[in-house]
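Read the structure below first, then the notes.
The values are calculated or read from the model by the stated rules, or taken from the named source; none is laboratory data. Everything numeric in this text was worked out from a predicted model, so none of it was measured. Here Cβ is always computed from backbone atoms with ideal geometry, including for glycine, and neighbour counts include all displayed protein chains. Surface areas here come from the heavy atoms of the whole protein model, side chains and all, with no ligands, DNA or RNA. Shrake-Rupley method; radii C 1.70, N 1.55, O 1.52, S 1.80 Å.
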Amino acid sequence: MYSQGLIGTDSRSEETPEFLEAFQKRIDADEKIEPNDPMPEGYRKTLVRQIGQHAHSEIVGMLPEGNWITRAPSLRRKAALLAKVQDEGGHGLYLYSAAETLGVSRKQMTEELLSGKAKFSSIFSYPTLSWADIGAIGWLVDGAAIMNQIPLCRCSYGPYARAMIRVCKEESFHQRQGFEIMTVLAQGSDEQKEMAQDALNRFWWPALMMFGPHDSESSNGDQSMAWKIKRFTNDELRQKFVDATVPQAEYLGLTLPDPDLKYNEETGSYDFGAIDWDEFWRTVKGGGVMTRERLAARNKAWDEGEWVRDAALAHAAKRKARKEAAQHAAE
Amino acid sequence: MDRSEALFETLIRLADDHLILGHRMSEWCGHAPMLEEDLAMPNIGLDLIGQSRPLYTYAGEVEGKGRDEDDFAYRRIERDYRNLLLVERPNGDFGHTMLRQLYYSAFMEPFWREAKNSTDETIAGIAAKAVKEVAYHVRHSGEWVIRLGDGTEESTRRMADAVEALAPYVDEVFADDEALDAAADLGIIPSPKNLRAEWDARIDAIFAEAQLERAQTVSISGGRQGRHGEQMGFLLADLQYVQRTYPGLTW
């Protein structure tokens, strides 16, 4: 989703060559860039966009999984899912805070999400249709997220890198939880196996799309790599994910929905079939099955919560005024 | 009613209250008025569902028929649920949800505090953990009731509506109930009746700060006897969906 965050980024900047060179030297020396450090505008903008879209994805990602909280099949699963979805909200919160260090407010980012200007990961535009989808999301979506985020723990921007360390720990717990759901289903009744296979069929390709367009189509990848905002290319990460996931699917006894998937002795990796990039771009541009509903749900929550937020501000102002009045009276 | 029967029925009542209220709270997940509440509300829901689990498990042990927590939570008919009508009330707006939470938590805080001294060791253990969680629930929901009551014109009106809407369900919290009364006589739990004065004082103090008035109304009850409101069936349809569609499987 983070690589998707770079789509359409304008990373050009107008600083002097000396300034850019000095900045690049710091990056090359693996120094962390901190909020008050001088940085090229393109670097700042790229990060704002990437962190913002990552945050939005966490927030919107609460919806497809939240869809199964009330229907989770056991109390243990219900508690775990509730905790997981709550973690995602927490990730959103750290990420908005990390983005705030770059001079953009949470309010501003929220408005961009709600208006549809800012994007969220394409994966959350797919519906969750069965309990097995919750397993598949944990296993594949959180698995893909980890693949993307582990390198981000070494991202050149300090606050983002540090936020990622905590996020990764939680994501890896979620991934294991999802895989465990799939394990139980895969070893269960025929209906459960079918449910697990169906979820895998529907989420496999969308999970591969999470890594973003092919490197050849990813126009800003080089600059982000040079700035160490990204540490691996989209295709490298996608390949790592496939290589890690194929044996897990085999262990589960489930079939990945790709007839071209084959182990390549020479590369030591799995070759895989062609991704449907039309579907990818359609989804990224707002045409996913659930894109409108996700955005509508966020807007509804925001609009219906306005009176609550207004009341909290009004109450705080009243308290402050009363306190000041009491102080004046005492003086 | 003998000891184990009183204990079993008490456990089911408490567990059902916690499960159903936790379920209602979990319905907010991803739809809260602000991100902080998207964290706080599921957290409260999680505490409540977490508290229901040892209560159900212990009820199964006391009953001795091999039923586990999920048998109770998922595989009973509506009439067998013994929760208060208060906790099954639909969420309504954020103000309704917070007031409902405050009403229940302000009851359970002294309840768990007293139950730490239960003659039943398992209940005392559950109470010792729950009392810390419920203190946070009272604080969180109480602070919101104050903010919203003494906020804007709109929030004041909405909170007054919530007070009116939930008033009929308060008396049932403290009403006579054969099982709870028997358990209280045996020192297993405090008698709900005896917690009313403390509850009233707590709510009055919060309402005074919130500039809200208590509402007088006719009481409605029935939850403790398994006579629920119409919304309960839909809640259970949601809750039990997977277990009912695929009976007898492990998840």
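Once the Cβ-Cβ distance of A:Ser269 and A:Lys107 is raised to the sixth power relative to R0 = 56 Å, the FRET efficiency obtained is 0.80. Annotation: amide H of A:Tyr270 within the under-5 Å range of A:Asp243, A:Asn264, sequence separation 5 or more or interchain, hydrogens built in the peptide plane.
Cross-link partners of A:Lys78 among aspartates and glutamates, defined as those whose alpha carbon lies under 13 angstrom from its own and excluding same-chain residues fewer than eight positions apart: A:Glu65, B:Glu27, B:Asp47, B:Glu69, B:Asp70, B:Asp238.
What's the FRET efficiency of A:His328 with B:Asp200 using the Cβ-Cβ distance as r and R₀ = 30 Å, to the nearest 0.05?
Values: r = 35 Å, r/R0 = 1.18.
Between A:His328 and B:Asp200 the formula returns 0.25.
Normalised Debye scattering of chain A at q = 0.12 Å⁻¹ gives log10 I(q)/I(0) of -0.87, counting only Cα atoms as equal scatterers and leaving out solvent. Each 10 Å bin, from zero up to the one with the longest distance, holds this percent of the alpha carbon pairs of region A:147-287: 10, 33, 37, 18, 2, 0. Rg and Dmax of region B:3-245, both derived from C-alpha coordinates alone, stand at 17.2, 55 Å.
With all pairs of different alpha carbon atoms counted, what Kirkwood hydrodynamic radius in Å does region B:36-95 show?
This gives a value of 13.5 Å.
Shown for region A:304-318: residues covered by the partner protein chains by 30 Å² or more of accessible area relative to the chain by itself (probe radius 1.4 Å), namely A:Trp307, A:Val308, A:Arg309, A:Ala311, A:Ala312, A:His315, A:Lys318. Ranking B:Pro192, B:Gly223, B:Ala162 by how far each Cα lies toward the positive end of the dipole of region B:141-251 (charges on Cβ) leaves B:Gly223 at the top.
Computed from backbone phi, the HN-Hα couplings of region A:239-252 come to 5, 4, 5, 4, 4, 6, 8, 4, x, 5, 5, 4, 4, 6 Hz, rounded to whole numbers (Karplus: 6.51 cos²θ - 1.76 cosθ + 1.60, θ = phi - 60°; Gly and Pro given as x).
When B:His18, A:His214 are compared by accessible area at a 1.4 angstrom probe, the order from most to least is A:His214, B:His18.
3J(HN,Hα) along region B:175-192, derived from phi through the Karplus expression 6.51 cos²θ - 1.76 cosθ + 1.60 where θ = phi - 60°, amounts to 6, 4, 8, 3, 5, 5, 5, 5, 5, 5, 4, 8, x, 6, 9, x, 6, x Hz, with x in place of Gly and Pro. Relative to the current alpha-carbon distance between A:Glu306 and A:Asp260, full extension at 0.36 nm per residue lengthens the span by 11.5 nm.
Hey, what's the Cα Rg ratio for the protein assembly as shown versus the globular rule of thumb, 2.2 N^0.38 Å? Working shown, then result.
Numbers: Rg = 26.5 Å, N = 582, 2.2 N^0.38 = 24.7 Å.
Cα-based Rg divided by the globular estimate yields 1.07.
Find the percent of Cα-Cα distances in region B:137-251 that exceed 19 Å, and round it to a whole number. Don't skip to the answer; put the middle values down first.
Details: 4138 of 6555 pairs.
Roughly 63 percent, rounded to a whole number.
Accessible area lost on pairing B with A, both sides, 1.4 Å probe, Å² to nearest 100? The partial results should precede the final answer.
Values: alone 11650 and 16450 Å², together 24040 Å².
Interface area, both chains combined: 4100 Å², rounded to the nearest 100.
Any idea what diffusion coefficient region A:66-176 gets from Stokes-Einstein, in µm²/s, Kirkwood Rh on alpha carbon pairs, 37 °C, 0.692 mPa s? Value of D from the Cα-based Kirkwood radius: 215 µm²/s. Residues whose amide H comes within less than 5 Å of that of A:Ile33, counting only those at least five positions distant or on another chain, are A:Tyr157, A:Gly158 (H built at 1.01 Å from N in the peptide plane). Averaged over the residues of peptide A:58-66, the number of Cβ atoms from other protein chains lying within 10 Å of each residue's Cβ is 3. Both numbers refer to the Cα atoms of region A:250-331; Rg and Dmax are 28.3, 84 Å. Using a probe radius of 1.4 angstrom, the carbon and sulfur fraction of the accessible surface of the protein assembly as shown is 51%. Helix content alone sets the calculated 222 nm mean residue ellipticity of the protein assembly as shown: runs of n ≥ 4 DSSP H residues at -39500 (n - 2.57) each, divided across all residues, give -21500 deg cm²/dmol. What you get for chain B, charging only the Cβ of Lys and Arg (+1) and of Asp and Glu (-1), is a dipole of about 260 debye around the Cα centre. At the residue level, B:Met1 shows approximately 100 square angstrom of accessible surface with a 1.4 angstrom probe and all protein chains present.
By a straight-distance test (C-alpha under 24 Å), which lysines pair with A:Lys119 as possible cross-link partners, with residues fewer than eight away in the same chain excluded? Straight-distance partners of A:Lys119: A:Lys45, A:Lys84, A:Lys107, A:Lys228, A:Lys230, A:Lys285, A:Lys300.
In order along region A:184-197, the phi-based Karplus estimate (6.51 cos²θ - 1.76 cosθ + 1.60, θ = phi - 60°) of 3J(HN,Hα) comes to 4, 5, 5, 9, x, 6, 4, 4, 5, 4, 5, 5, 5, 5 Hz; Gly and Pro are listed as x. Accessible surface for region B:149-226, divided over its residues, is 47 Å² per residue with a 1.4 Å probe. Looking at region A:143-212, what % of the alpha carbon pairs are farther apart than 21 Å? Of the Cα pairs, 40 percent sit more than 21 Å apart.
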